[in-house]
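This report refers to the structure that appears directly beneath it.
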Amino acid sequence: MMESDANLYQTIKAGARGFLTKSVDADELFFAISRLMVGERYICSSLAIPIIDHVIEKELVPNFKMRSSDFSSREIEILQLIGQGLTNVEMADKLFISKRTVEGHRQSLIDKTGARNTAVLMRFAYANGIID
């Protein structure tokens, strides 16, 4: 088969249990046959890996867009300082606010964006152009 997500989806939707491209080597061909013979499904690695990467990307970055105007100037400051690697205490000292206030801003940002943690929050902010 040609290496195309569209071909893969159409083929699986039509009932195929496996999908290989012309470029698979003999080892992968025999492995695929062995998996299919025991009733499993098989998609060649050259297509499976990009699909997995896409699923991971969707899970890690919330699928809606936000603009910097959706955040307060203080929240953007906090995002920038997190991006610089500052701790909550260091941010509090730099902004002349309490550590607890920094924690509140961080949690508010996580809640607004739907991020699971600070790492995903930073990825979200970068992907949406909120920080450089």
Across segment 75-108, what is the number of residues that are open to solvent by 70 Å² or more (accessible area, probe 1.4 Å) and under 23 Å from the mean Cα position of the chain (by Cα)?
3
For segment 96-114, name all the residues that are of a type in the set (G, A, S), part of a helix (DSSP H, G or I) and without any contact (Cβ under 8 Å) to a residue 24 or more places away in the chain.
G104
Just to verify a result, which residue in segment 3-49, among those that are touching a residue at least 40 places away in the same chain (Cβ under 8 Å) and in contact with an Asp or Glu (Cβ under 9 Å, 6 or more places away or on another chain), is most open to solvent (accessible area, probe 1.4 Å)?
S46
Can you find, within segment 48-92, the residue that is modelled with the highest pLDDT among those that are touching a Lys or Arg at 6+ places or on another chain (Cβ under 8 Å) and within 30 Å of N7 (Cα to Cα)?
L60
Applying the selection to segment 109-126, what residues are of a type in the set (G, A, S) and surrounded by 14 or more Cβ atoms within 10 Å (Cβ to Cβ)?
G114, A115, A125
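The values are calculated or read from the model by the stated rules, or taken from the named source; none is laboratory data. Just so it is clear, the structure is predicted and the values come from calculations on it, not from any experiment. Note that we place each Cβ from the backbone using ideal geometry, even for glycine, and neighbour counts take in every protein chain shown. Please note that ligands, DNA and RNA were not included when accessible areas were found on the heavy atoms of the full protein model with its side chains. Shrake-Rupley method; radii C 1.70, N 1.55, O 1.52, S 1.80 Å.
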